[in-house]
Amino acid sequence: MRRILGIAVPVAVAAVALAGCGSSSSTTTKSATKSVTLSTSGAHAVKLSADPSGALKFNTTTLSAKAGTVTITMNNPAPLQHGIAVEGNGVDQDGKIVGQGGTSVLAVQLKAGKYTFYCPVPGHRQAGMQGTLTVT
């Protein structure tokens, strides 16, 4: 009887612990190619990445999104620090500057128009690390 209880109790405790764990799902899409525009529940997401060779450029110079809350995600595979920022039409916001392997995320409320996205690290924008975000 003790042997059965010795096995049954830990199994029951594990079952209760697992049952208490919530379940959630998320989808992460990684792309080292051109930008991706997604639309989910009124929020819009665009993704881009810094050039992996360390050149002061993004993998694209054009992005597009729908008006509303736009989340820009920039992956940094480069050996240099980079970030993402956006300005235009009264908006001027910077995301976090991150090192190699990091991700800079910027969520901003945008209305229809053209904006400039760029790397906020000093000298990077001036070297050409920028592009146009068109919001419709």
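Derivation of every value follows stated rules applied to the coordinates shown; laboratory data play no part. Because the structure is predicted, anything quoted here is derived from the model rather than measured. A quick note on method: Cβ atoms are made from the backbone with ideal geometry, for glycine too, and the neighbour counts reach across all protein chains shown.
Compute the label zone of Ala112 within region 57-81: residues whose backbone N is under 18 Å from the point 7 Å along Cα-to-Cβ. Backbone N within reach: 64-70.
Sorting 54-61, 89-96 by average packing, meaning the other beta carbons within 10 Å per residue, from highest down gives 54-61, 89-96.
Projecting label points 7 angstrom from Cα along Cα→Cβ for Thr132 and Ser53 puts them 2.5 nm apart. For the peptides 102-115, 64-77, the ranking by packing is 64-77, 102-115, with the highest mean count of neighbouring Cβ atoms within 10 Å listed first. Run through the DSSP bridge list for region 42-136 and note the antiparallel percent, rounded to the nearest 5. Antiparallel bridges: around 70 percent, rounded to the nearest 5.
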